[in-house]
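Heads up, the thing below is written out as structure tokens.
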Amino acid sequence: MFATDIPVRKPIDVFLLGIEAKIGNIPMDYFSKFSSSSIAKLGYNASKSTLEVAFHNGGLYHYFDVPQNIWEAFKSAESKGEFFSENIRGQFRYTKIY
């Protein structure tokens, strides 16, 4: 058995945040004044530090514990796809909404 195969228990608040995300119950501040070949829409909930990323291919994801400064940098990044690849993907816990 590998260390990655061992289930990790999450605190209840993290668990509940995941449930809220799965049912799309986290209000977001949306940002859509940009053009990107991969990202269709961005949203952020400051009180829950949750980032929402919708892709043109139809995927919608919530990323957790994303600091406000990352959100601000993401909005102002010239290339949203590049910023996502370098600063979001693989850096934060996430759940796929659909």
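In region 67-90, which residues are of a type in the set (A, V, I, L, M, F, W, C) and within 11 Å of LEU42 (Cβ to Cβ)?
TRP71, PHE74, ALA77, PHE83, PHE84, ILE88
So which pairs qualify, if the first residue must be in region 48-64 and of a type in the set (Ser, Thr, Tyr), the second must be surrounded by fewer than 17 Cβ atoms within 10 Å (Cβ to Cβ) and assigned to a strand (DSSP E or B), the Cβ gap must be under 6 Å, and the two must be at least 6 apart or on different chains?
What qualifies is TYR61/LYS96.
Is it fair to say LYS75 is out of contact with any Pro (no Cβ under 6 Å at 6 or more places or on another chain), basic (Lys, Arg), surrounded by fewer than 18 Cβ atoms within 10 Å (Cβ to Cβ) and in contact (Cβ under 8 Å) with a residue 40 or more places away in the chain?
So LYS75 passes the test.
Among strands (runs of 3 or more DSSP E) lying entirely in region 43-98, which contain 1 or more residues that are of a type outside the set (D, E, K, R) and closer than 14 Å to MET28 by Cα? Don't jump to the end; show me each part of the working.
Numbers: elements: 50-55, 60-63, 94-96.
The strands (runs of 3 or more DSSP E) meeting that bar are 50-55, 60-63.
For residues in region 20-47 being touching a strand residue (DSSP E or B) at 6+ places or on another chain (Cβ under 9 Å) and basic (Lys, Arg), which is modelled with the lowest pLDDT?
LYS22
Testing GLY90 on (1) modelled with pLDDT of 95 or more; (2) surrounded by 12 or more Cβ atoms within 10 Å (Cβ to Cβ); (3) out of contact with any His (no Cβ under 7 Å at 6 or more places or on another chain), one condition comes back false. Which one is that?
(2)
The values are calculated or read from the model by the stated rules, or taken from the named source; none is laboratory data. All figures in this text were calculated on a predicted structure; none of them were measured in a lab. Virtual Cβ from ideal backbone geometry, glycine too; neighbours counted across all protein chains shown.
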